[in-house]
1. What tally of residues in region 144-157 results from selecting those that are modelled with pLDDT of 95 or more and in contact with a helix residue (DSSP H, G or I) (Cβ under 8 Å, 6 or more places away or on another chain)?
2. Would you check if there is a residue in region 354-366 being at pLDDT below 95 and of a type in the set (D, E, K, R)?
3. Quick check on my filter: what residues within region 410-430 are loosely packed, with under 15 Cβ neighbours inside 10 Å, closer than 15 Å to residue 346 by Cβ and of a type in the set (Gly, Ala, Ser)?
4. If we scan region 238-246, do we find a residue that is under 25 Å from residue 107 (Cα atoms), outside any loop (DSSP other than H, G, I, E, B) and in contact with a His (Cβ under 7 Å, 6 or more places away or on another chain)?
5. If I go through region 383-435 residue by residue, how many of them are aliphatic (A, V, I, L, M), touching a Leu at 6+ places or on another chain (Cβ under 8 Å) and closer than 24 Å to residue 29 by Cα?
6. Have a look at 195, 189, 206, 223 and point out the one that is assigned by TED's automatic domain parsing to the domain that holds residue 270, in contact (Cβ under 8 Å) with a residue 24 or more places away in the chain and either on the phi > 0 side of the Ramachandran plot or touching a Leu at 6+ places or on another chain (Cβ under 7 Å) (or both).
7. Could you please find all residues in region 162-205 being farther than 21 Å from residue 243 by Cβ, at pLDDT below 95 and part of a loop (DSSP other than H, G, I, E, B)?
8. For residue 208, indicate whether it is at pLDDT 95 or above, closer than 30 Å to residue 409 by Cα and in contact with an Asp or Glu (Cβ under 9 Å, 6 or more places away or on another chain).
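The values are calculated or read from the model by the stated rules, or taken from the named source; none is laboratory data. Computed from a predicted structure; not experimentally measured. Here Cβ is always computed from backbone atoms with ideal geometry, including for glycine, and neighbour counts include all displayed protein chains.
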Amino acid sequence: MTGEQMVALTKRHTLYEWSAQAHVDPIPVAGAKGVHFWTPEGKRYIDFNSQLMCVNTGHGDPRIIKAIQDQAATLAYANPFMATEARARLGEKLAAITPGDIDVFFFTNGGAEANENAIRIARLVTGRHKILARYRSYHGGTAGSLTMTGDPRRWAMEPGMPGIIHVPHPYHGIQRGTDSAADALAQLEEIIMLEGPHTIAGFIMETVTGTNGILVPPDGYLEGVRALCDRHGILLICDEVMSGFGRTGAWFAVDHWKVVPDILTMAKGLTSAYVPLGAVGIRRSIADHFQQKVFYGGLTYNSHPLGCATALATIKVYEEDNLIARARDMGKVMRALMDELAHKHPCVGEARSIGLFGIVELVRNRETREPLAPFNGTSPEMQALGKFFREKGLYTFVRWNTFFTNPPLCITEAELREAFAIIDEGLALTDAAIA
């Protein structure tokens, strides 16, 4: 098909997510390799968002593709009441790389289902009902995970699932907020007291907040949350669907602070998105609860052999190519390039990153710190910047007053600098537009 045919037919017969369909303008994709993808007509893009922050190993890795082919030829599917070699080996491997004593896993189709099952486990184990979740968060598009979500994607589906309590957390950005761990922990403890600690099953949080701003917790915050949860018998659930598998320069973001959650959810980088797979990792003490008590959960595609085999191959690529350390090292290069943008362009209000997980916030005025687009909205300047990136062959998320810098972990310094040269040019136009 031509790109035009792809777009016409997909718009006619399919729905695009989080969009008014009349305004959808998708990029037609014919193929991808490494950090690039291209249209049927051959226009190439630098994938500076790893699609949805998920193609961590890069596109088209032959080792992962071969694993998928081999598994499909051997055993394409077995129902989840059965045991397969791929499932057995993946559980063992994940137990070796996840923090602390997390060594039991429930496999799902993706991150939203992982988070749904995480809170189900927390409720079954504790016998409590309430779940604390944070504002400025995203946990998925299913009914329960969307209720836990703390951004505007939740609004249209309210009231949603009962028992979800949203709490603030450290936020250091161009708008109001605090990056004080002590203040955030004091607020959290007060809410726990007011809600009744004995009623709260779990606290779910993105270890590093993703689409709501790449918000890196200040030192002491995660440790304080862990202590509060321990004190009140609340299970700590860390959502690492986006921040896991090397994105932050560690296997999991919690590793930076040496904190072990009770439940760890993952997806995206687990298979580098080559096939769908998510997982809920739980500590041995939680798993033991279900030795004699029923775990009320199940999915037709739980522990799908293709997904498990793909995850095993993907983890092997991370190890063989040293991608976790590479993300850490290239993250330092990216951080320097982001600092250069902040120094050079008046429209840059703030730039944040950890590893290859980054965001740039744009402002209309540095003194007033007025965002270049309103919360949950856009502006002519942000629309123009997004259009410029697309014309120049740079693909990334442009959301509200921000754009993201989340390339595949295999990106070279030359490719990174090529992307930032396009960003630099685009921000020069933005500076001129607000001058």
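1. 7
2. yes
3. Across region 410-430, the qualifying residue is only 428.
4. Looking through region 238-246, at least one residue is under 25 Å from residue 107 (Cα atoms), outside any loop (DSSP other than H, G, I, E, B) and in contact with a His (Cβ under 7 Å, 6 or more places away or on another chain).
5. Looking only at that region, the number is 9.
6. 189
7. Answer for region 162-205, where residues must be farther than 21 Å from residue 243 by Cβ, at pLDDT below 95 and part of a loop (DSSP other than H, G, I, E, B): 174, 175, 176, 178, 180.
8. Spelling it out, residue 208 is indeed at pLDDT 95 or above, closer than 30 Å to residue 409 by Cα and in contact with an Asp or Glu (Cβ under 9 Å, 6 or more places away or on another chain).
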